[in-house]
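Structure, as structure tokens:
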Amino acid sequence: MTEKNAVHPNPSNDLADPHFFDESLPLEGDARYLLDDRAKLAVRMAWATSRPLLVVGEAGCGKTRLAQALAKAWGVPLFARTIHARTEAQDLFFHFDAIARLSDAQLRSALGALGPAIDAVKPKYCDPLKPSHYLRPGPLWWAINAPSAWRLNDGRPDPFKVIAPYGMPPEWSGGASVILIDEVDKGSDELAESLLELLDEKRFSVPWTGQEVLGDPKSEPFLLLTSNGARQLPAPFLRRCIVLAMQLPTDGLVDWLMKRGRLHFTASKIKDDALRRAAELIDEDRRSVSSKQRYRPGVAEYIDLCEAITELAANASAHEQIALIESLAPSVTSHKGEANRLQG
């Protein structure tokens with residue numbers, strides 16, 4: 001860890017050491033996330049070293065849910081961004097609306113002939129001479145320095161004020177948080193490498209304003225990234241991460257899924273036999289799928305299948321729930337992998 005990193009306190013100093021987490025973490029409602037020993041150890045190591053936690057594994061194994069559960073357990077905001085092929089590095093830090101600025105410049109020019117009357121329409125647009133009016137903070141900006149993000153509102157008309165993103169308390173001024181960068185392997189090498197300066201220096205620059213955003217000492221976040229293994233990530237990036245590999249067991253998958261199902265759903269809504277049958281269908285389908293096929297159902301599909309039962313047949317008998325599960329299963333098993341072929 002660099003000397004620069006050493007001066008920043010750990011984001012979770014005021015939170016519970018992950019070593020003392022219960023076996024499961026809270027999610028929405030009564031649902032719980034099962035945290036096994038390997039995951040707990042990786043979280044604790046990332047927490048202790050202030051390193052990013054890179055969670056790798058096939059789609060649907062619970063990587064994203066881990067970030068949600070950690071934020072819930074710690075009682076802190078979760079800032080999330082899913083990466084795709086067109087995502088640029090700057091999207092994680094900020095968005096500059098050049099089109100809105102051009103539109104406002106044209107409107108200002110058209111109204112210029114009105115003289116003093118222009119004051120009456122000023123609330124309808126921002127000042128194109130102030131590039132900061134067209135900046136929107138991204139998840140990393142909010143997480144490392146929320147006060148500077150709020151200062152973007154200085155001089156802005158009320159309709160254009162920056163507002164708190166989803167999951168962040170209004171007027172939040174910093175503190176511990178969790179950042180989720182989902183599916184980082186779908187981005188370019190440039191995107192992954194652009195994170196290095198932030199990871200090492202806790203700072204980034206805003207080209208339109210010349211502003212340099214520095215990490216607020218009280219706001220260093222817990223950064224969690226996920227990868228489905230779509231491509232190999234750059235070695236310098238991997239060296240800066242604590243890596244947790246999530247794998248569904250080959251043997252004993254039914255009991256493994258059921259343990260998570262019992263934590264996620266109350267017995268009053270889905271019978272134990274129904275939980276088992278759903279797990280058996282997922283297990284059978286995974287075993288029947290060729291290793292060359294990309295799609296295999298996992299935890300996410302199991303939870304979706306059980307969730308459907310709790311909504312559609314919560315008061316039904318175990319026999320009726322099992323029958324419905326067998327009818328619904330093709331919607332979440334390898335039949336989904338046939339979608340591309342059928343569309344073609």
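Take region 126-173 and flag every residue that is in a loop (DSSP other than H, G, I, E, B) and in contact with a Pro (Cβ under 6 Å, 6 or more places away or on another chain).
Matches in region 126-173: Pro157, Ala164, Gly167, Met168, Ser173.
Condition first: assigned to a helix (DSSP H, G or I) and among the aromatic types (Phe, Trp, Tyr). Now tell me which residues in region 241-279 satisfy that.
Answer for region 241-279, where residues must be assigned to a helix (DSSP H, G or I) and among the aromatic types (Phe, Trp, Tyr): just Trp256.
Being free of Cβ contacts under 8 Å to residues at least 12 places away in the same chain, acidic (Asp, Glu) and either within 22 Å of Leu53 (Cβ to Cβ) or assigned to a loop (DSSP other than H, G, I, E, B) (or both), is that true of even one residue in region 280-301?
Checked region 280-301: no residue is free of Cβ contacts under 8 Å to residues at least 12 places away in the same chain, acidic (Asp, Glu) and either within 22 Å of Leu53 (Cβ to Cβ) or assigned to a loop (DSSP other than H, G, I, E, B) (or both).
Restricting to region 304-325, name every residue that is within 21 Å of Arg65 (Cα to Cα) and surrounded by 22 or more Cβ atoms within 10 Å (Cβ to Cβ).
Leu305, Cys306, Ile309
Hey, could you check region 139-192 for residues that are of a type in the set (Asp, Glu) and surrounded by 15 or more Cβ atoms within 10 Å (Cβ to Cβ) and say which is nearest to Asp216 (Cα to Cα)?
Asp182
Looking only at region 35-50, which residues are in a loop (DSSP other than H, G, I, E, B) and either more than 19 Å from the chain's Cα centre (by Cα) or surrounded by fewer than 18 Cβ atoms within 10 Å (Cβ to Cβ) (or both)?
Asp36
Identify, from the list Leu135, Leu114, Leu54, the residue that is modelled with pLDDT under 90 and either surrounded by 15 or more Cβ atoms within 10 Å (Cβ to Cβ) or closer than 30 Å to Ala192 by Cα (or both).
Sole residue among the options that is modelled with pLDDT under 90 and either surrounded by 15 or more Cβ atoms within 10 Å (Cβ to Cβ) or closer than 30 Å to Ala192 by Cα (or both): Leu135.
Mind counting the residues in region 82-103 that are among the β-branched types (Val, Ile, Thr) and assigned to a strand (DSSP E or B)?
Residues in region 82-103 being among the β-branched types (Val, Ile, Thr) and assigned to a strand (DSSP E or B): 1 in total.
Can you spot a residue in region 210-232 that is under 28 Å from Phe79 (Cα atoms), β-branched (Val, Ile, Thr) and outside any helix (DSSP H, G or I)?
yes
Looking at Leu223, is it at pLDDT below 85, more than 18 Å from Asp97 (Cβ to Cβ) and under 22 Å from the mean Cα position of the chain (by Cα)?
No; evaluated as a whole, the condition is false for this residue.
The values are calculated or read from the model by the stated rules, or taken from the named source; none is laboratory data. It should be emphasised that the depicted structure is a prediction, and the values quoted were computed from it without experimental measurement. All Cβ positions, even for glycine, are placed from backbone atoms using ideal geometry, and neighbour counts span all protein chains on display.
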